[in-house]
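What follows draws every value from the coordinates through simple rules; no lab data is involved. All values derive from a computational prediction rather than experimental measurement. Methodologically, a virtual Cβ is constructed for each residue, glycine included, from the backbone with ideal geometry; neighbour enumeration extends over all protein chains shown.
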Amino acid sequence: MKQWNNLSADMLSKAKKACDQELPACGRCVRLGKACGGYRDLTSLLFKDETPDIIRRASSQSESGLSSVSTPTRLSSSEDRDTAAKAFFFREFVSPVQLSFLDPAAVDGFLEQPIVACALAAMSNRDNDVQAREASRRCYIEAINATQVALRDTSKATEDSTLIAVCLLSIFERISWDHHTSMTSWGLHVEGSAQGFFVSYDSIFAVSSETEVPEHIIEWTRELEFDPILSPGDELDLLGARLASIRSAFCNRTKPDVELEELSQALENDLISWAERAQAPGSPCAFQSRHDQGSPNAWNGIHHDYSSPQALRYWNKWRCYRIPLSRLQEELWRRSWPALAQTSRRVPDSEHYRRIRGEMMADICTAAASLLGNDVASEPARGMLANAYPLVLPLSVAGTCLLQELVQPVLTPEGSRVILLDRPLHLNLFDQRSTQLAWVIDRLDFISGKIGIKWAAAWSRWLRGEDSISYDTARSVIVQGGASNELERGQLLDLGI
């Protein structure tokens, strides 16, 4: 499979010529008798060195938290701590749908630090353990330094262990989110890993940030070999790339609404076709809905059974694509209905898009209940961290659907329809949508407090109305940030590694 190397000599990169990456100068420059401009430092794409800030934040948080935080039982030595952390990591982080390529027996010293950092971060979140949090940050800093050295070495930059380290550092950031600086640092790591080879990331990130997916990423995805388990996910990535393109054009007004509506309708049809194939007899992505009123893992008396671990993840991604697409389509008809009505298109029922969002919201909540259950006081089962990690943002997206029903949108001078979230809307026991929102918030709090994925708490705070934040319903993004600045970039659809 042909791919463009981010480490190519600068001059050849600009000329779009292949580079053999020979040292001290590339072969093409030597043959042409030209001075070789050298190779780009991929580290600048991947990492922003925030080591002093991290040390400062760790010290300040330690000083402010030692007096008020309970002290769990300590391990006798750093060696015991690291051993326990590695065991925790492979028990809780690794599953058939997350990091399944990691083998405990094959982990070398290079990957040990990011693994221990991730595990200690999650353990400190569960136990509110300041010392474990400090230890996790020290491991994180050491892992960043080691990864930067590897990325500067052209022979090591594309090794599996280097790319896995970038992935693990990204996961650490997500687990440790508690302010805007953390989110920014995480964004740099993941964006860099996408440029470095993690193909599926771009379509998801592009959808959330209203940017086009690079054409070479789309071509690479199309060239992937067919696999009955993985190929449905590749197809979804291509559909996500189309959604990203439509949302980018909608946001930047680079295409007329009539054309955007036509593209949106074609995408909706293809998303429906994907669902029909995924639910076909014998499909490894099929799921069954069954009534089970007495089940502790049912939502509104409905339980989901998925035919494979990947299936739940694929379906939640599909649902998270349909929700923003329905909002965009609804807004296109609202603002351009005279022009659209003059075409051969059938005018949709006034409740059509609202029903879609209601169905997607219900299915996301049912899938979460099937996995997490309804007892927020229970202890998480083994491996729950890996299972819950991809649920955070689908649950948050489901929460936005409920907010959209509970809050009357306001029309801005620019013509956008936004909802202001400045008060709690989940406390009305006599409103079903309010109680459903409370259920979503409880699941996010469970994921944050019991399972140890800290950034779920940021979404919980936002859905509670604890910050004055405006949400653009047509674009499905946060357009004004309050105290929860880590959400202000409109991160919506990053569904995990």
Considering amide H positions built from the backbone, and no H for Pro or chain starts, which residues 5 or more places from residue 302, or on another chain, come under 5 Å of its amide H?
292
Taking the range 407-470 and dividing mean pair separation by its residue count, relative contact order in percent (alpha carbons under 8 Å, at least six apart):
37
Once you put a point 7 Å from the Cα of residue 277 and another 7 Å from the Cα of residue 87, both along the Cβ direction, what distance in nm separates them?
4.5
How far apart, in nm, are the 7 Å Cα→Cβ label points at residue 266 and residue 155?
4.9
Ranked from fewest to most other Cβ atoms within 10 Å of their own Cβ, 167, 365 fall in the order 167, 365
Can you put 426, 303, 352 in order, fewest other beta carbons within 10 Å first?
352, 303, 426
With the cut-off at 1.5 for a/c, could you classify the range 383-434 from its C-alpha gyration tensor as rounded, prolate or oblate?
oblate
Mean Cα-pair separation over length for the range 371-486, i.e. relative contact order, pairs under 8 Å, 6 or more apart, %
27
As a footprinting exposure proxy, order 162, 435 by other Cβ within 10 Å, with the fewest listed first.
435, 162
Listed pairs 255/454; 156/450; 156/317; 86/454 exceeding 30 Å between Cα atoms:
255/454; 156/450; 156/317
Scalar couplings 3J(HN,Hα) for the range 235-249 by Karplus 6.51 cos²θ - 1.76 cosθ + 1.60 (θ = phi - 60°), nearest whole Hz, x for Gly and Pro, are 4, 5, 4, 5, 5, x, 5, 5, 4, 4, 5, 5, 5, 4, 5
With each label point set 7 Å from Cα along the Cα-Cβ vector, what nm distance links residue 255 and residue 128?
5.0
Once normalised by the length of the range 388-442, the mean sequence separation of its alpha carbon contacts under 8 Å that are 6 or more apart gives a contact order in percent of 33
How big is the gap, in Å, between the Cα center of the range 277-323 and the Cα center of the range 339-417?
15
